[in-house]
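Take a look at the structure below.
The values are calculated or read from the model by the stated rules, or taken from the named source; none is laboratory data. Nothing here was measured: the structure is a model prediction, and the numbers come from that model. All Cβ positions, even for glycine, are placed from backbone atoms using ideal geometry, and neighbour counts span all protein chains on display.
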Amino acid sequence: MNSREAWEKQEERMKFYRTSNPDLISRKSKRPEKEILNEIGIFNVNFDKPKGYIRLFPEDFIVEEKRAGGEISRINDFRINSEIAKPDEKTNTLYANLIKIGIPTNVAAQRISEILEFPQTKIGTAGLKDSDAITSQLIAFPGIELGLGEIMARKIPNVYLSNFYYGKGSLNAGDLEGNIFTITVRTESEIDDKLKIKLNTIEQFGILNYFQSQRFGGMRLLSHELGKLIMQGNYEQAIKTFLFHTSSNDIPLLANIRKKAEDMGNDWAGIKKLFESEMPYTLFNEIRLLDYLIKNPTNFIGALIDLKDQTQLWAYAYSSLLFNKHLSEYSKVKGCVDEKFPIFLSSNPDDVKNYKKYLEQDGTLNFKKYLFPFKFLILKGKQLPGRIFPKDIKYNTFEKGIVIKFTLPKGAYATTFLTNLFELEQGLPISGWVNATETDPKKILGEGDIEGVRAIFKDYWYYKGQSENTTTTN
């Protein structure tokens with residue numbers, strides 16, 4: 001079952017539960033921001049802030065890619081370029097503007113690969129974009145043989161490709177300069193002058209460069225714990241935690257499925273059947289892991305290697321947790337700093353020294369030994385700035401809300417910026433104070449509108465209050 005088929009099957013199950021037993025797919029409460037931030041190592045943040053809700057509608061979170069040459073991918077760039085020149089040997093890479101809604105970049109690439117019958121390993125992008133958003137970025141298809149007409153004739157769920165042209169090479173992380181965010185925040189009270197002053201202060205003095213919850217697994221907030229288990233050498237426990245762990249963030253249906261699966265022991269085939277019957281899209285990566293375990297029941301290292309994209313994310317998440325902790329403690333004394341700090345996943349012993357006390361506390365001092373089987377995890381020194389400066393801040397208000405546009409350098413999180421302004425809420429249940437009137441953020445800022453995007457993605461447009469969003473990836 002590919003990701004598209006899994007999504008379609010799960011949507012059918014969710015429709016059934018929405019009418020037959022909606023309580024099974026509804027969250028009764030959500031964790032407060034302070035608790036979440038503390039769990040991911042962020043302690044040095046002001047928690048006396050007005051409340052703000054994000055991501056109620058798809059258009060509430062817009063991300064547009066800015067590349068190293070200054071080019072920007074726009075969400076309203078629908079050009080087809082039907083008369084583009086045919087490629088030659090030097091310019092045989094097809095480039096396009098990838099606009100997507102409701103899925104991360106890697107899932108979009110999977111669907112494009114499946115439907116265009118083009119290897120996903122050959123697809124080039126300059127970075128990953130948020131899933132719970134409308135985003136645009138450049139995508140590259142080196143050596144693709146399909147013609148433009150055939151590509152446009154194949155519908156790809158949640159994806160729209162436009163503005164095609166041929167060129168050389170491909171794309172990688174070095175081609176990304178940053179991202180332009182246009183975010184709608186629905187506030188508990190009307191916007192006052194204090195917030196406007198704060199925005200001016202941030203533009204002048206910057207903000208601390210923390211990793212945010214997306215890095216740690218989003219709602220599940222588990223990736224760093226899995227990374228820590230791997231670096232302790234607890235490979236089997238990492239796998240079983242990934243498959244079976246439940247938390248207060250889980251909807252009852254998902255918690256019940258994971259608990260039932262745990263009671264099945266190591267019956268990997270039975271667990272796969274259970275996962276596929278109920279939530280094959282949410283549990284897509286778990287099913288991938290189970291496919292390997294069915295053939296290799298006790299080879300837990302091999303399973304983690306087979307699921308290397310997730311294993312890599314988990315290792316990086318644990319590294320990000322320690323970076324956040326170090327930055328929190330350092331800035332408590334030094335303030336908002338200009339220094340750069342190394343990540344601990346490095347072959348340089350001096351880079352690891354900053355994190356020694358955390359590694360001792362977690363039992364991960366021998367992380368290099370336990371990461372040795374995973375050749376795709378390359379330990380190389382990397383310096384990250386302690387402070388970043390949001391640029392080109394622009395905003396306008398509406399009734400109990402504000403639309404803020406700003407640019408961040410690559411690797412920086414929009415929610416890191418927003419947590420300096422608001423006590424953030426997202427997901428279900430939706431607080432009673434949230435203004436649930438749909439808006440057009442582009443119109444509010446005087447930058448056109450989103451009508452074209454809405455028309456293209458009308459089948460995937462959703463309002464968080466209609467149902468629980470259960471089709472997110474791990």
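Does Asp392 qualify as being under 19 Å from Thr415 (Cα atoms) and of a type in the set (Asp, Glu)?
Considered against the rule, which asks whether it is under 19 Å from Thr415 (Cα atoms) and of a type in the set (Asp, Glu), Asp392 comes out as yes.
I need the full set of residues from the range 1-51 which are at pLDDT 90 or above and either among the polar types (S, T, N, Q) or in contact with a Lys or Arg (Cβ under 7 Å, 6 or more places away or on another chain) (or both), in order please.
Gln10, Thr19, Ser20, Asn21, Asn38, Gly41
Before we move on, is Leu274 crowded, with 17+ Cβ neighbours inside 10 Å and free of Cβ contacts under 8 Å to residues at least 40 places away in the same chain?
In short, yes.
Specify the residue that is surrounded by the most Cβ atoms within 10 Å (Cβ to Cβ); the eligible residues are those in the range 429-449 that are in a helix (DSSP H, G or I) and of a type outside the set (Lys, Arg).
Filtering the range 429-449 for residues that are in a helix (DSSP H, G or I) and of a type outside the set (Lys, Arg), the one surrounded by the most Cβ atoms within 10 Å (Cβ to Cβ) comes out as Pro441.
Do you know which residues across the range 380-403 are hydrophobic (A, V, I, L, M, F, W, C) and under 22 Å from the mean Cα position of the chain (by Cα)?
Answer for the range 380-403, where residues must be hydrophobic (A, V, I, L, M, F, W, C) and under 22 Å from the mean Cα position of the chain (by Cα): Leu384, Ile388, Phe389, Val403.
Of all residues in the range 312-343, which are among the aliphatic types (A, V, I, L, M) and under 24 Å from Gly233 (Cβ atoms)?
Selection gives Leu313, Ala315, Ala317, Leu321, Leu322, Ile343.
For every residue, the table says whether it meets (1) out of contact with any strand residue (DSSP E or B) (no Cβ under 9 Å at 6 or more places or on another chain); (2) surrounded by 15 or more Cβ atoms within 10 Å (Cβ to Cβ); (3) assigned to a helix (DSSP H, G or I); (4) modelled with pLDDT under 95.
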residue	(1), (2), (3), (4)
Thr201	yes, no, yes, yes
Tyr210	yes, yes, no, no
Gln214	yes, yes, yes, yes
Arg220	yes, yes, no, yes
Lys228	yes, yes, yes, no
Phe242	yes, yes, yes, no
Thr246	yes, yes, no, yes
Asp250	yes, yes, no, yes
Arg258	yes, yes, yes, no
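Scan the range 15-30 for residues that are of a type outside the set (S, T, N, Q), under 22 Å from Leu222 (Cβ atoms), out of contact with any Phe, Trp or Tyr (no Cβ under 6 Å at 6 or more places or on another chain) and surrounded by 15 or more Cβ atoms within 10 Å (Cβ to Cβ) and jot them down.
Arg27, Lys30, listed by residue number.
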